[in-house]
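As structure tokens, the structure follows; a few thoughts come after it.
The values are calculated or read from the model by the stated rules, or taken from the named source; none is laboratory data. Bear in mind that the values here come from a model prediction, so they are computed numbers and not experimental data. With ideal geometry, Cβ positions are generated from the backbone for all residues, glycine too; neighbour counts draw on all protein chains shown.
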Amino acid sequence: MRRTRAGIFGAVVAAVLVLAGCAAEPKPTPIPSPSTTPVESPAPSTTPPPTPSADPLASVDALVVRPTVLELRAGEQVVETLDYMSDPGEAVAILTALFGAPPVDEAYDGGNHRPDGIYHEWGDFVLDERFYDEERRQRDGYDWLVWPRFAVYFDGPAAEGIALRAHDGSQAGEAWAALAERPSFDPELWVCVGTSIEAETIEVPGDRADRVNVVATENEDDGTVRWIGAPEMEAEGCA
């Protein structure tokens, strides 16, 4: 059977339409790949971390006995002072931190002129806690000159690596003759125990001024300083 032109044309048109239909099909949209752009990390902080505060007691290298206070010094700088009328418990706590260990305690019985007490000892350093009648102290107006809550004694030149000395450099164990040459040595100032090596004038009850002292005692066996301590008040006489 012969195909007519019309049939051929129709077949061509149909073929074109089929091809056109195939060509018109949409292409799939490609899925974008994840970004490969690097993410920058935040810059490290340039602010240094806070430095913990240093313990001021760590720098203390000397205890210096004065008429009214014990000074804790780093070189010539006074780091802390302990008033002889302050709370003995607080003083013991500070000294325990300084020496790195608690003291060796020795209780003692008082007598006619002093109350019971406790010696708190770190080697050659002694804090003498005294149990005066606080009610009577308040009632009768006794101040620390008469009734100090504690006293201190240096039995040697150092304790646990901490130097023990008076303001003029005097130390237990040195020659008494050398101590006697210092300007502050005053055997004419009357105290009941030892010899005054530093005095401070303060007001006391009764509208008068007396002197409170650092004192030294002599070891007559070898001519050295036995101990240095404070406070010791000026006296008109000793029982």
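Quick rundown of the values:
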item: A91 being of a type outside the set (D, E, K, R) and surrounded by fewer than 19 Cβ atoms within 10 Å (Cβ to Cβ); result: no
item: Close pairs from the stretch 56-74: first closer than 18 Å to S170 by Cβ, partner among the aromatic types (F, W, Y) and part of a strand (DSSP E or B), Cβ under 7 Å, at least 6 apart; result: L63/F125; V65/F154
item: Among residues of the stretch 157-198, those that are β-branched (V, I, T) and on the phi > 0 side of the Ramachandran plot, counted; result: 0
item: Test: P102 is assigned to a loop (DSSP other than H, G, I, E, B) and touching a helix residue (DSSP H, G or I) at 6+ places or on another chain (Cβ under 7 Å); result: yes
item: Test: residue in the stretch 33-50 that is at pLDDT below 95 and of a type in the set (A, V, I, L, M, F, W, C); result: yes
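Rundown of residues vs (1) crowded, with 20+ Cβ neighbours inside 10 Å; (2) at pLDDT 95 or above; (3) of a type outside the set (G, A, S), yes/no style:
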{"residue": "I118", "(1), (2), (3)": "no, yes, yes"}
{"residue": "W122", "(1), (2), (3)": "yes, yes, yes"}
{"residue": "V126", "(1), (2), (3)": "yes, yes, yes"}
{"residue": "E135", "(1), (2), (3)": "no, no, yes"}
{"residue": "R139", "(1), (2), (3)": "no, no, yes"}
{"residue": "D155", "(1), (2), (3)": "no, yes, yes"}
{"residue": "L164", "(1), (2), (3)": "yes, yes, yes"}
{"residue": "G173", "(1), (2), (3)": "no, yes, no"}
